[in-house]
Amino acid sequence: MMSDCEKNTIKLRELFKKTSSEVNLRGIIGVTEYKLVYDQLLPVQKKRLVEITDNKHDGFFENGNFISFAYVYPNGIVEKIGLKKDGVFDEDAWNTYSRWYAYLNKSLDTTSEKIAERFNGVPIKATASGIVSKLTNVSQYFPTVVSHRVHAELSGIGWRGKNGLIVNPLYSCMIRLSGVVTSAPLIKTQKVKDSCQECNSCIEECSFLKHSDKLDDYREQCRIYINSLGLEAEVCGKCIKACVHSQRFYSKPEQKKKQSLNKVFYTDP
Ligand code: SF4
Ligand code: SF4
């Protein structure tokens, strides 16, 4: 007989398959413990998570789960990042990526609302958009969000790459993340092995990453650069593109067929 954990996990995967099909995106979903996520957040983000989960935080901390999920950029979109035309950046091409970035965020938020409703949980927004240009330092950004990278790494959506992003074994960094907190019993999915190994493609692509050891916080230089680009969304993405092109790190697509309950689940619309 199936346990509640198994039944809920199957229901969650069915719902995610449906929602990713509705938004016409490939998806990845996993689960980890709420407590593990909370323990690894920066103090300001712990505070933010407690605000978001409100009076449910103590219960989640005792016995809650973080549902972690991602949507994948369609093929060919990340390739538009940083293209040049007549020696200057092709803004139109780069803005194609900006628009997909906005669409993925919107789709993630719609999906997290649906999952939260079904599992009596609390949705966490994909991102706080439109605020980067209003900040005077990147440190002001951290209290406004809960890092999705923490639960994505713990649940096995991907490993933490040298660019600081989550690298999925199948789709590299070509993903955007979101999450839902719930007290529903669910099967936890396994972490994946860090496989950056000797690759340095992202670091070679970005001088801020390359000299991060000499900078106070390379993310502040990144914020200033993103502002200077003035694209439709607050994005750069060159370190994503560099990773996507490091194709030797991807697993074979056959991995997708191994959809056991303790490994992340992949959907394809
Ligand atoms: S987003 Fe751009 S500026 Fe920021 S770390 Fe990546 S490549 Fe560098
Ligand atoms: S480009 Fe290479 S080093 Fe950078 S995150 Fe991707 S796999 Fe890791």
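Read the figures in this text as sums done on the coordinates, not as results from a lab. Bear in mind the structure is a predicted one, so any value in this text is a computation, not a measurement. A quick note on method: Cβ atoms are made from the backbone with ideal geometry, for glycine too, and the neighbour counts reach across all protein chains shown.
Taking residue 186 as the residue in question, decide whether it is of a type in the set (A, V, I, L, M), in contact with a Ser or Thr (Cβ under 9 Å, 6 or more places away or on another chain), assigned to a helix (DSSP H, G or I) and on the phi < 0 side of the Ramachandran plot.
no
Would you pick out the residues in the range 11-43 that are loosely packed, with under 15 Cβ neighbours inside 10 Å and more than 18 Å from residue 152 (Cβ to Cβ)?
The answer is 11, 14, 18, 21, 22, 24, 43.
Condition (residue is closer than 22 Å to residue 98 by Cα, more than 10 Å from ligand 2 (Cβ to nearest atom), touching a Phe, Trp or Tyr at 6+ places or on another chain (Cβ under 7 Å) and aliphatic (A, V, I, L, M)) applied to the range 235-246: is it met by at least one residue?
yes
Which of the numbered conditions does residue 167 fail, given that it passes all the others? Conditions: (1) away from ligand 1 (no atom under 16 Å from the Cβ); (2) β-branched (Val, Ile, Thr); (3) more than 25 Å from residue 185 (Cα to Cα); (4) not in a loop (DSSP other than H, G, I, E, B).
With respect to (1) away from ligand 1 (no atom under 16 Å from the Cβ); (2) β-branched (Val, Ile, Thr); (3) more than 25 Å from residue 185 (Cα to Cα); (4) not in a loop (DSSP other than H, G, I, E, B), residue 167 is out only on (1).
Residues in the range 156-178 that are within 11 Å of ligand 2 (Cβ to nearest atom) and among the aromatic types (Phe, Trp, Tyr): how many?
Of the residues in the range 156-178, 1 are within 11 Å of ligand 2 (Cβ to nearest atom) and among the aromatic types (Phe, Trp, Tyr).
Looking at (1) assigned to a helix (DSSP H, G or I); (2) under 23 Å from residue 225 (Cα atoms), which one does residue 177 not meet, given that it meets all the others?
(1)
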